[in-house]
Amino acid sequence: MSRPPAGEVVDGVLDLRELPKVERHPAVFTAYDELAVGESLVLVNEHDPVNLRDQLERDYGTGFGWEYLSEEVPEYRIRLTKNASTPLPRVLADTTEIASGAGEGGLGGAVFSLRMRERDLDSNVIALEPGGAIAEHWGPDVDVLVHVLAGSGHLDTETGVVDLAPGVLLWLPRRSRRAFRAGPQGLRYLTVHRRREALVLQASRPPGAP
């Protein structure tokens, strides 16, 4: 039996084996987005596409169906069904558990991030180890909301210092100058802002700044 053309859904079947690996997931998401609620397509692959399933779960939650029709190399067949019209609301993380790691040494940077393909927001949980810091910089061209989860520290601004403690809800206006310093228990905080392709921190002052 001949295979459908590479990357095209033919008679409800999308054969991924003829596609370069980098093109497979985009082809599945394009085909899935075109389905009506309740419709299905059959994916054919030479192995179990577990990474694809993980990405679908990250993007759509439990709003899709995944049924193995065949689990034999080189022809895995999976029925993919669209069960909801949009990605579903769901729990992404437990910030209590994330906060419990404050004070751990040797761990810094983003310990949680939004990773869905289609989203309007970016969000991260930033961890600073005890005594850690983010050097003074000018913020990007987006407003940022910060919620302190655990630990303590200080935010240095252009004219003063803001104390940071669990529960503090902080507003970082776009292009404002700031620096973070963690206290002896470390510092963990959640950030939320409008999505940008790259959130660049500026070491130099923006145009018009004093």
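The values are calculated or read from the model by the stated rules, or taken from the named source; none is laboratory data. Owing to the predicted nature of the structure, the values given are computational and were not obtained by experimental measurement. Cβ atoms come from the backbone with ideal geometry, glycine included; neighbour counts cover every protein chain shown. For accessibility, only protein heavy atoms count, side chains too; no ligands or nucleic acids. Shrake-Rupley method; radii C 1.70, N 1.55, O 1.52, S 1.80 Å.
A few notes on this one:
- Among the strands (runs of 3 or more DSSP E) confined to region 86-178, the ones with at least 1 residues that are farther than 30 Å from Asp33 by Cα and not hydrophobic (A, V, I, L, M, F, W, C) are located at 109-113, 133-138, 144-156, 161-164.
Results for (1) aliphatic (A, V, I, L, M); (2) modelled with pLDDT of 95 or more; (3) closer than 16 Å to Gly12 by Cα; (4) in contact with a Leu (Cβ under 9 Å, 6 or more places away or on another chain), shown as yes or no for each residue.
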{"position": "Gly65", "(1), (2), (3), (4)": "no, yes, yes, yes"}
{"position": "Tyr68", "(1), (2), (3), (4)": "no, yes, yes, no"}
{"position": "Pro74", "(1), (2), (3), (4)": "no, no, no, no"}
{"position": "Arg77", "(1), (2), (3), (4)": "no, yes, yes, yes"}
{"position": "Lys82", "(1), (2), (3), (4)": "no, yes, yes, yes"}
{"position": "Thr95", "(1), (2), (3), (4)": "no, no, no, yes"}
{"position": "Ala102", "(1), (2), (3), (4)": "yes, no, no, yes"}
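- Evaluating Phe29 against the criteria (1) assigned to a strand (DSSP E or B); (2) aromatic (Phe, Trp, Tyr); (3) in contact (Cβ under 8 Å) with a residue 24 or more places away in the chain leaves one unmet condition, (1).
- Every residue from region 126-171 that is open to solvent by less than 20 Å² (accessible area, probe 1.4 Å), among the β-branched types (Val, Ile, Thr) and farther than 21 Å from Thr95 by Cα: Val142
- Qualifying residue in region 1-21 (condition: at pLDDT 95 or above, under 30 Å from Ser123 (Cα atoms) and open to solvent by less than 80 Å² (accessible area, probe 1.4 Å)): no
- Count of residues meeting criterion [open to solvent by 60 Å² or more (accessible area, probe 1.4 Å) and either free of Cβ contacts under 8 Å to residues at least 60 places away in the same chain or in contact with a helix residue (DSSP H, G or I) (Cβ under 8 Å, 6 or more places away or on another chain) (or both)] in region 112-125: 3
- Residues of region 44-61 that turn out to be in a loop (DSSP other than H, G, I, E, B) and surrounded by 13 or more Cβ atoms within 10 Å (Cβ to Cβ), as a count: 3
- Filtered residues of region 68-106 (kept if among the aliphatic types (A, V, I, L, M), open to solvent by 70 Å² or more (accessible area, probe 1.4 Å) and touching a Gly at 6+ places or on another chain (Cβ under 8 Å)): none
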